[in-house]
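What follows draws every value from the coordinates through simple rules; no lab data is involved. This is a predicted model, so every value here is computed, not measured. All Cβ positions, glycine included, derive from the backbone under ideal geometry; neighbour counts span all protein chains shown.
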2 protein chains.
Amino acid sequence: MTSPLAAKIAREYGTPAVVIDMDRVEANIARVQAACDAAGVANRPHIKTHKSPLLAKLQIAAGAKGITCQKIGEAEVMAEAGIDDILISYNLLGEEKMNRLGRLLESTDVTVAADNPVVIGDLPKAAALAGRPLGVVIECDTGRKRAGVETPAEAIELAKLVAASPGLSFKGFMLYPTEDGWPEAQKFFDTALAGVRLEGLEPTIVSTGGSPNMKNVGRLAGATEHRPGTYIYNDRMQVAAGVATFDDCALHVYATVVSRAGVDRGILDSGSKTLTSDPGGGIDGYGYILEHPEARIARFAEEHGFLDLAKCNERPKVGDVVRIVPNHVCVVVNMVDEVVMVRGQEIVGILPVAARGKLR
Amino acid sequence: MTSPLAAKIAREYGTPAVVIDMDRVEANIARVQAACDAAGVANRPHIKTHKSPLLAKLQIAAGAKGITCQKIGEAEVMAEAGIDDILISYNLLGEEKMNRLGRLLESTDVTVAADNPVVIGDLPKAAALAGRPLGVVIECDTGRKRAGVETPAEAIELAKLVAASPGLSFKGFMLYPTEDGWPEAQKFFDTALAGVRLEGLEPTIVSTGGSPNMKNVGRLAGATEHRPGTYIYNDRMQVAAGVATFDDCALHVYATVVSRAGVDRGILDSGSKTLTSDPGGGIDGYGYILEHPEARIARFAEEHGFLDLAKCNERPKVGDVVRIVPNHVCVVVNMVDEVVMVRGQEIVGILPVAARGKLR
């Protein structure tokens, strides 16, 4: 059961194909911008999801204040395309990074995150190279145990260190609360805010994050902006988090059934090299097949998606082309050099994933 | 505790860096070629591991008969570089694939695998486009429940179908036995062989696969060739399978510790976007850190590797650069556009991963 568009994509482009529906992309951009507007916080979308200057510009045109990048390499691609307000939400350190950050800062308004004195000790080198101040936000851990200081006291100390460092400018705080951790985040932030004010410092950026957190956007009193990423495409994780429906999922992997060697099983031409082994926070299987919702993508080899068809009433045949909603869309986008853009039943273009694979 | 080479790579190239030691690469190539020679089977290395024409040519110069690719896009890159004996070990079907396969076959000696009549029904289109015969091996499942017919009777029927199809030439059988499934694979093959001989068909390729299966190479009576892939770099899975030591691991991910927000934990600048979420067949953690073997890479965000340091006597500091042996090296190589080549303590070049991301 292959849809006419799937047949066209398989014939003209080939599978596996990573396909984005531009009508849905635009609707997702508009909906989340409206939600940020309604909540009274600026929108600073994380471009790690799409890695495309064109889509970043659509987000900015819709009202986003600027963008968030995770790596300098991503920021370089975005700055090259003319985007000028970039938060790099990551600890940067070392000579190679400072040289690149300095060059970037020469022409672009860049703010970086820091959670330790080693990073803050390196950042003045970039500011000196650029000959202008570098803004720094202090990353606060509010439950994820990832990066970020664990206590307001540490945040205050680092804010003072930034303010005392040549070429650095204290900009505020970056938080990424867990979905049910906003009351604790509020306490953390309030304490840190009171502390820096005692030092004569005033944050201008208080940034919260996460597309699943769109249900909490604006909930942190004092927040100035939010950093949602995945919302532009959505995926099974967003649906599981209750912030999107399958109709809001704008990206699908089109895959062909290439083998049906057993009654209850089949093989897709999309394995971990396309869909990735990302478990999606514990969702069952590695993707949701629109044409066969009872099918389970049970496991992967790099180029083989193992289909468990035991529960299917109708089973796909060899040659069928199916559409898959991935568990985690950001990691899928990073696997491909380009995505196919469609509107309705038409292929409207090929979009390079220009900032793909920027590890550094 | 950063080694001098790690410091140099971080300074001159930056982290994360995927680094290959060419002395070890060459030793691995030589060792496996010698093992194939000793076993009396040709070596047809799977290039999915390195995705580099330069390294494929080193394998051929060392004695490999040809190469194995998993996708047409990989074969196109290799053929463009002048490699002329290519097995595409995958079911190919559909108009887009047949057009490309036809063009490839015009100039290159290509053999493909098939495990069903739909695929065999399409392949004559490629042969017709190229104006010359296309060799086909029948893929046999001998325990992995991936692609491949489940019974010798099916294999015999498909061999007959190939032989009766215009432009197709029956070449033999492709097997990928499980590590302890060689006696069953022998039974399967013997029955299929007897069956095709009754039809007047004689295989010229009987191909077995897998680097972990190097301990079994030559064990299938009648095998003509073996398709090892991972051996050129090796990884934790190969070490776990007992076919390599950590000293044979030629590829390391060099990563920087960027955060140490808690006593028992830290963050590497390499997350799933570098090391991938590949579980490596159930190995504990997502990589082995040479400098801190007691550390555990417990989980990932895309750009964050979560270090559990609870069992470490000595704990890394922010700014330390560590070397990681990945769980599964093939999938890591696919994440990067290039790898850094070293010999001893010297950086000797940058090697493009020319066939990276060839999903189609």
Percentage relative contact order, segment A:23-233, counting C-alpha pairs under 8 Å, at least six apart: 22
Among A:Ala130, A:His46, A:Ala56, flag the residue with its Cα farthest along the positive direction of the charge dipole of the protein assembly as shown, charges on Cβ as +1 for Lys/Arg and -1 for Asp/Glu. A:Ala130
Projected onto the charge dipole of segment B:270-340 (unit charges on the beta-carbon of Lys, Arg, Asp and Glu, signs +1, +1, -1, -1), the Cα from B:Ala298, B:Cys330, B:Asn313 with the largest positive-side position is that of B:Asn313
In percent, what relative contact order does chain B have, based on Cα pairs under 8 Å that are 6 or more apart in sequence? 21
Where in segment A:271-309 does the amide nitrogen come within less than 18 Å of the point 7 Å from the Cα of B:Ala310, taken along Cα to Cβ? none
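Can you classify the protein assembly as shown as rounded, prolate or oblate using the Cα gyration tensor, where a ≥ b ≥ c are the square roots of its eigenvalues, rounded means a/c under 1.5, and otherwise it's prolate if a/b beats b/c and oblate if not?
Judged from the Cα gyration tensor, the protein assembly as shown comes out prolate (a/c at least 1.5, a/b above b/c).
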Short version: what are the Cα gyration tensor semi-axes of segment A:23-233, square root of 5 times each eigenvalue, largest first, in whole Å? 25, 22, 13
Under the definition of partner shielding as Cβ atoms of other protein chains within 10 Å of a residue Cβ, what is the mean value for peptide A:261-271? 4
Taking GluC sites (Glu not before Pro) that fall in a DSSP loop and have at most 14 other Cβ atoms within 10 Å as cut points, what is the longest piece of chain B between them? B:1-178
Let me see the P(r) profile for segment A:129-272: every Cα-Cα distance counted, bins of 5 Å, each bin given as a percent of all pairs. 2, 9, 15, 15, 13, 11, 9, 7, 6, 5, 3, 3, 2, 1, 0
Where both partners of a DSSP beta bridge lie in the protein assembly as shown, what percent of those bridges are antiparallel, to the nearest 5? 45
Taking every DSSP beta bridge that has both residues in chain B, what percent is antiparallel when rounded to the nearest 5? 45
Tell me the label-point distance for the pair B:Ile347, A:Ile350, using the 7 Å Cα-to-Cβ offset, in nm and rounded to one decimal. 3.2
Does a label point 7 Å from the Cα of B:Glu291, set along Cα-to-beta-carbon, have any residues of segment B:10-53 with amide nitrogen under 16 Å, and which are they? B:10-19
For segment B:1-78, what does the alpha-carbon gyration tensor say about shape, rounded, prolate or oblate, given a ≥ b ≥ c as the root eigenvalues, a/c under 1.5 as rounded, and a/b over b/c as prolate? oblate
Can you sort B:His226, A:His304 so the residue with the fewest Cβ neighbours within 10 Å comes first? A:His304, B:His226
How big is the C-alpha Rg of chain B next to the rule-of-thumb value 2.2 N^0.38 Å, as a ratio? 1.06
With +1 at each Lys and Arg Cβ and -1 at each Asp and Glu Cβ, the charge dipole magnitude of segment A:1-151 around its Cα centre, to the nearest 20 debye, comes out at 320
A:Ala128 versus A:Asp284, label points 7 Å from Cα toward the beta carbon: distance in nm? 5.9
Among B:Ser277, B:Thr142, B:Gly82, whose Cα projects farthest towards the positive end of the dipole of chain B, with charges put on the beta-carbon of Lys, Arg (+1) and Asp, Glu (-1)? B:Ser277
So if R0 is 22 Å, what FRET efficiency would A:Ala30 and A:Thr245 give, r being the distance between their Cβ atoms, rounded to the nearest 0.05? 0.90
Charge dipole (debye, nearest 20) of segment A:203-343; +1 at Cβ of Lys and Arg, -1 at Cβ of Asp and Glu: 260
